[in-house]
Amino acid sequence: MSHHRYILRNVPAHEWRKWDQFIDGHPGGHFLQSWGWGELKASTGWYPFRLFLWDEEQQQVVAAAQVLRRTAPALPSWAGSLAYIPKGPVIDWSDPMLCRAFFTQLNAYLHARGALALRMEPNRAVSSIVEPTPGAAISPAGKDTYAELTPLLALYPAPPVQPVRSIVLNLMVDETTLLAGMKEKWRYNVRLAERKGVTVRSAQTVEDVQTWYALMQATSVRDQFGIHTFDYYLKAWHIFVPRQQARLFLAEFDGHLLAGIFVALVAKQAIYLYGASSNEYRNLMPNYLLQWEAIRWAKSQGALQYDFWGIPETDREEEAMAGVYRFKRGWGGEIVRFVGCYERAYHPLAMRVAKRFFKA
């Protein structure tokens, strides 16, 4: 292999379609590596840039990383920035030569542009098990070349930004099998909502998004979780829906919005990202029909998986999100654990000051 076989290059804005095409077609692609996610994060203080690794021999792109950069609040802007790769890089981790070439060039690129450190959360599952007993140890799924690579790349574990555990539903079966795989009560509730006249549709207007956001505010107060601004969700809707990368599903009854979920779809994987539900008409079980219709839509669009996006770190029912966890668990998916977050410090002393301000 010649030293100059791989070339790392910045991807300009007019190539966004080519970028999304690569992310969408790669087995390791993810919604958080889509071009639009960088656009969305740009509205919250991050500066996105995208890098392709070009293979001169094969004359094609072989890896990619969307890097989000922000200056550390504790330091003056000239002192440097923090770089973060959410659910990336998008690369074949089983190819050590490719990984070394990529990280050698990435580190040089970031270092030259004043990065204090790089944090990344690869889209790599450590393991998955179908029906775990509470507290059961999760065994690694086969030999993991990634684990061998991290010391060579000087990457060390760091606190996670994205969920480390999730529940992922396999969509590579027919609807009858999906229904049979749910807990009986979930199946019953889906049919109950239909029978009682709950309907599900996609949001079509800004007013739809506004109504959903009002519900989101009420839900955040009730369930005590933080939410983004209205502008953030509206921007997400404007970016991803026209690109066929997301839908906002609304469950209604008698003219009232009862629940709504924002579901993303990139690289044959659907992700249930944001959800809100009303205190009214809860006996009509709108959330069940809503998820089922989103799952059916994802399947119709060619998705192979439906990710319920985050569950508590342990199976203990005392966890704050126990109710949400039970709801996600009932659909018949597998619990998946990801490798988590890793960090490479370029200026360790400056990083010590800056890292406590690192929030995505």
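Summary of computed values
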quantity	calculated
Residue count for the range 102-114, restricted to those that are closer than 20 Å to Q33 by Cα and of a type in the set (A, V, I, L, M)	2
Q60 exposed (fewer than 15 other Cβ atoms within 10 Å of the Cβ), out of contact with any Cys (no Cβ under 7 Å at 6 or more places or on another chain) and assigned by TED's automatic domain parsing to the domain that holds G114	yes
Residue pairs meeting the criteria (Cβ under 9 Å; at least 6 apart or on separate chains; first assigned to a loop (DSSP other than H, G, I, E, B), in the range 89-113; second among the basic types (K, R) and surrounded by fewer than 16 Cβ atoms within 10 Å (Cβ to Cβ))	W93/R124
Unique match (being modelled with pLDDT of 95 or more, under 23 Å from Q224 (Cβ atoms) and within 18 Å of the chain's Cα centre (by Cα)) among Q269, Q291	Q291
Selection status of G302, farther than 29 Å from L118 by Cβ and assigned to a loop (DSSP other than H, G, I, E, B)	yes
Members of the range 170-211 that are surrounded by 12 or more Cβ atoms within 10 Å (Cβ to Cβ) and in a loop (DSSP other than H, G, I, E, B)	L171, V173, M182, K183, K196, V198, A203
Selected residue (criterion: surrounded by the most Cβ atoms within 10 Å (Cβ to Cβ)) from residues of the range 153-169 that are closer than 30 Å to P348 by Cβ and small (G, A, S)	A158
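The values are calculated or read from the model by the stated rules, or taken from the named source; none is laboratory data. Treat the numbers as computed from the prediction; the structure is a model and nothing was measured. Glycine also receives a Cβ, built like all others from the backbone with ideal geometry; neighbour counts cover every protein chain displayed.
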